[in-house]
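The values are calculated or read from the model by the stated rules, or taken from the named source; none is laboratory data. No experiment lies behind these values; they were computed from the predicted model shown. We place every Cβ from the backbone using ideal geometry, glycine too, and count neighbours over all the protein chains shown. Note: areas computed on protein heavy atoms with side chains; ligands, DNA, RNA excluded. Shrake-Rupley method; radii C 1.70, N 1.55, O 1.52, S 1.80 Å.
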Amino acid sequence: MKKILLMVSLSLALCACASSQGTVDKDTQTTQGWGVEKLYAEAQDELGGGNYTRAVKLYEILGSRFPTGRYAQQALLDTAYAYYKDDEKDKALTAIDRFRNLYPQHPNMDYALYLRGLVLFNEDQSFLNKLASQDWSDRDPKANREAYQAFAELVRRFPNSKYAADATARMIKLVDALGGNEMSVARYYMKRGAYIAAANRAQKIIGSYQNTRYVEESLAILELAYQKLGKPQLAADTRRVLETNFPKSPFLTHAWQPDDMPWWRYWH
């Protein structure tokens, strides 16, 4: 009796393993005998339908069975896009880097660079986020710099690419965000009385991010920092620059205050 029970248990276990293995290899089994075109078309349908996990699986099957040729190349790029849409940032970047290393002269390299920028840009498109008008200066500056560099490489190498205009627009937003991050640090130092550090940050914004919306406040912070540091001439020089470039600035009627609500948060 014990032998019978043991044999039944082993049989059930083997069936379970076989069933499990069958589930894992379902796509592999289903697609046996498919040509590269059919495989790619099926993967594209899954991608278009938002079934990103299965799309990736089919692209992987295609790559393993047909490792060379234009379908394999495009499948790798499409895999990166599927990961991007599925919020798998690291996997998307890995796929893009692999594509760039394997096919450096590929005609779709401009798209690969654009996609890399999008993954790093990682804009939250949710409805609530749109209502809140996300302040990009609050993002990690490292992520902003990496996204900017990806878009900049695209624009530099492929100025006539159909993705260049959008990449340029995103670069402008990223520069503004980087300037805003510096402003956040300058405010932090001012509030704590670290006037030299605050002045250095304000000068960096004026010198490196002069086309952003943060220059006006930077000049106001710089003027006040110089006053606090006992440098009246530098403070007066800074005020003249503020008057010349922002004649209607509210900072001309009252000095920068640490608890002021940044005025551009009302600007969209």
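Residues in the stretch 72-91: is at least one over 25 Å from M171 (Cβ atoms), of a type in the set (S, T, Y) and either modelled with pLDDT of 95 or more or in contact with a Ser or Thr (Cβ under 7 Å, 6 or more places away or on another chain) (or both)? Among the residues of the stretch 72-91, at least one is over 25 Å from M171 (Cβ atoms), of a type in the set (S, T, Y) and either modelled with pLDDT of 95 or more or in contact with a Ser or Thr (Cβ under 7 Å, 6 or more places away or on another chain) (or both), which makes the answer yes.
Just checking, does the stretch 245-253 include any residue being under 30 Å from R145 (Cα atoms), in contact (Cβ under 8 Å) with a residue 60 or more places away in the chain and open to solvent by 70 Å² or more (accessible area, probe 1.4 Å)? Within the stretch 245-253, not a single residue is under 30 Å from R145 (Cα atoms), in contact (Cβ under 8 Å) with a residue 60 or more places away in the chain and open to solvent by 70 Å² or more (accessible area, probe 1.4 Å). Test K204 against the criterion of being under 19 Å from S184 (Cβ atoms), surrounded by 15 or more Cβ atoms within 10 Å (Cβ to Cβ), of a type in the set (D, E, K, R) and modelled with pLDDT of 95 or more, and give yes or no. Criteria met by K204.
Within the stretch 180-199, the set of residues being more than 20 Å from K142 (Cα to Cα) and outside any loop (DSSP other than H, G, I, E, B) comprises Y189, M190, K191, Y195, I196, A197, A198, A199.
Of all positions in the stretch 210-226, none carries a residue that is more than 26 Å from N122 (Cα to Cα), free of Cβ contacts under 8 Å to residues at least 12 places away in the same chain, in a helix (DSSP H, G or I) and over 23 Å from the mean Cα position of the chain (by Cα). Note on the stretch 190-209: residues that are without any contact (Cβ under 8 Å) to a residue 60 or more places away in the chain, within 21 Å of D259 (Cβ to Cβ) and not basic (K, R) total 8. Among the candidates R156, R201, R240, the residue that is more than 30 Å from Y114 (Cβ to Cβ), under 29 Å from the mean Cα position of the chain (by Cα) and not small (G, A, S) is uniquely R201.
Here the condition is being in contact with a Ser or Thr (Cβ under 9 Å, 6 or more places away or on another chain), farther than 17 Å from I96 by Cβ and of a type outside the set (G, A, S); of K173, K142, K204, it holds for K204 alone. The numbered conditions (1) modelled with pLDDT under 95; (2) out of contact with any Gly (no Cβ under 6 Å at 6 or more places or on another chain) are all true for I221 except (1). With respect to the stated conditions, F121 is closer than 23 Å to R170 by Cα and of a type in the set (F, W, Y).
Scanning the stretch 156-180 for residues that are under 12 Å from N144 (Cβ atoms), open to solvent by less than 60 Å² (accessible area, probe 1.4 Å) and not hydrophobic (A, V, I, L, M, F, W, C) gives R170, D176, G179, G180. Listed by position, the helices (runs of 4 or more DSSP H) inside the stretch 38-104 whose residues that are acidic (D, E), touching a residue at least 60 places away in the same chain (Cβ under 8 Å) and open to solvent by less than 50 Å² (accessible area, probe 1.4 Å) number at least 1 form an empty set.
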